[in-house]
Amino acid sequence: MGRPTDSPKQIQIAVRFDSETLQILDEYCDKEKISRAEGIRMAVRKLKKK
């Protein structure tokens, strides 16, 4: 199913955002030319760095 990958994403999480938070995410993703999912993954990874 889908393209082969070295990092399969088997877990799906549903999350609700208020409109301001979604706008922040969308603006960042548009600027970086990435998907919403990738933008969220990047944000979560930054939590580990703190």
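Since every read-out is calculated from the coordinates, none of them should be taken as a lab result. Small disclaimer: the values here were computed from a predicted structure and weren't measured. Neighbour counts run over all protein chains shown; Cβ positions are idealised from the backbone, glycine included.
Placing one identical point scatterer on every Cα of the stretch 1-46 and ignoring solvent, what is log10 I(q)/I(0) from the Debye formula at q = 0.14, 0.21, 0.22 Å⁻¹? Evaluating at q = 0.14, 0.21, 0.22 Å⁻¹ gives log10 I(q)/I(0) of -0.42, -0.84, -0.90. Please report the net charge: other residues with Cβ closer than 13 Å to the Cβ of Asp30, K and R +1, D and E -1. Around Asp30, the surrounding residues sum to -1.
Please sort 16-23, 27-34 by packing, taking for each peptide the average over its residues of neighbouring beta carbons within 10 angstrom, highest first. Display every interim value, and only then the final one.
Numbers: 16-23: 9.4, 27-34: 11.6.
My ranking of the peptides, most packed first, is 27-34, 16-23.
Need the full-extension length gain, Thr21 to Ser35, defined as separation in residues times 0.36 nm minus the C-alpha distance. One decimal, nm.
Numbers: separation 14, 0.36 × 14 = 5.04 nm, distance 1.53 nm.
Length gained, Thr21 through Ser35: 3.5 nm.
The Cβ shell under 13 Å around Ile13 holds other residues with a net charge of +4, Lys and Arg each +1, Asp and Glu each -1. For the stretch 31-42, backbone phi angles converted through the Karplus equation (6.51, -1.76, 1.60; θ = phi - 60°) give residue-by-residue couplings of 5, 8, 6, 10, 6, 4, 4, 5, x, 5, 4, 4 Hz, Gly and Pro being listed as x.
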